[in-house]
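K.L.:
Quick one: the structure is below, and I'll ask about it shortly.
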Amino acid sequence: MKRNENFILRRVADMTVIVPVGRETERFPGMISVNETGAFLWDLLETEQTLQTLAETLARQYDADPERARGDTEKFLEKLERAGALWGL
């Protein structure tokens with residue numbers, strides 16, 4: 001899977017959000033608020049990734065429990081998929 005090129009990450013004041021651009025705004029006229037780990041995963045999704053590689057990288061980066069990292073990654077990816085911000089899930 002990979003992030004949809006028609007969505008971008010922006011930092012606005014103390015918020016980090018993923019927003020659609022161009023014609024994608026007609027389909028999804030909102031934004032997705034993300035925390036530090038969400039922004040980290042979003043950056044990784046610039047290239048093709050699997051759930052397994054994302055979760056393992058997240059666990060290593062934040063010294064987190066691998067099972068928790070996998071669950072958190074799955075939830076984040078589902079959120080992106082519902083918004084149309086992800087290709088190939």
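K.L.:
How would you order 22-33, 69-80, 44-55 from highest to lowest mean count of nearby Cβ atoms within 10 Å?
P.N.:
69-80, 44-55, 22-33
K.L.:
Something else: Please list, in chain and number order, the residues 5+ apart from W87 or on another chain whose amide H is under 5 Å from its amide H, with Hs placed from the backbone.
P.N.:
K2, R3, N4
K.L.:
Give me the net charge of G30's neighbourhood, meaning all other residues with Cβ under 14 Å from the Cβ of G30; Lys, Arg count +1, Asp, Glu -1.
P.N.:
+2
K.L.:
With n ≥ 4 as the cut-off for DSSP H runs, can you work out [θ] at 222 nm for the chain, using -39500 (n - 2.57) per run divided by the number of residues, rounded to the nearest 500? Intermediate results must be reported in sequence, preceding the final value.
P.N.:
Details: 4 runs with 43 residues, N = 89.
Value at 222 nm, helices only: -14500 deg cm²/dmol.
K.L.:
Okay, moving on. Can you compute the FRET efficiency between Q52 and V12 using 1/(1 + (r/R0)^6), with r the Cβ-Cβ distance and R0 = 30 Å? Round to the nearest 0.05.
P.N.:
Calculated value: 0.40.
K.L.:
Rounded to the nearest angstrom and ordered from largest down, what semi-axes does the equivalent ellipsoid of the chain get from its C-alpha gyration tensor (root of 5λ)?
P.N.:
22, 14, 10
K.L.:
Here is a further query. How large, in percent, is the carbon and sulfur part of the accessible surface of the stretch 44-85 at a probe radius of 1.4 Å?
P.N.:
Values: 1200 of 2690 Å².
Here it works out to 45 percent.
K.L.:
Quick one, could you list the DSSP H helices from the chain stretching 27 Å or more along their long axis (Cα atoms) with average Kyte-Doolittle hydropathy of -0.5 or above?
P.N.:
none
K.L.:
Taking the solvent-accessible surface of protein heavy atoms with a 1.4 Å probe, what is the per residue accessible area of the stretch 1-46 in Å²?
P.N.:
62
K.L.:
For W87, what accessible surface area do you get with a 1.4 Å probe? Give it in Å², rounded to 10.
P.N.:
120
K.L.:
What is the sum of charges, Lys and Arg at +1 and Asp and Glu at -1, for the other residues whose Cβ falls under 12 Å from the Cβ of A59?
P.N.:
On the way: positive: R60, R68, R70; negative: E56, D63, D65, E67, D72.
Here the count lands on -2.
The values are calculated or read from the model by the stated rules, or taken from the named source; none is laboratory data. Everything numeric in this text was worked out from a predicted model, so none of it was measured. So basically every Cβ, Gly included, is an ideal-geometry build from the backbone, and we count neighbours across all protein chains shown. SASA here: full protein model, heavy atoms, side chains in, ligands and nucleic acids out. Shrake-Rupley method; radii C 1.70, N 1.55, O 1.52, S 1.80 Å.
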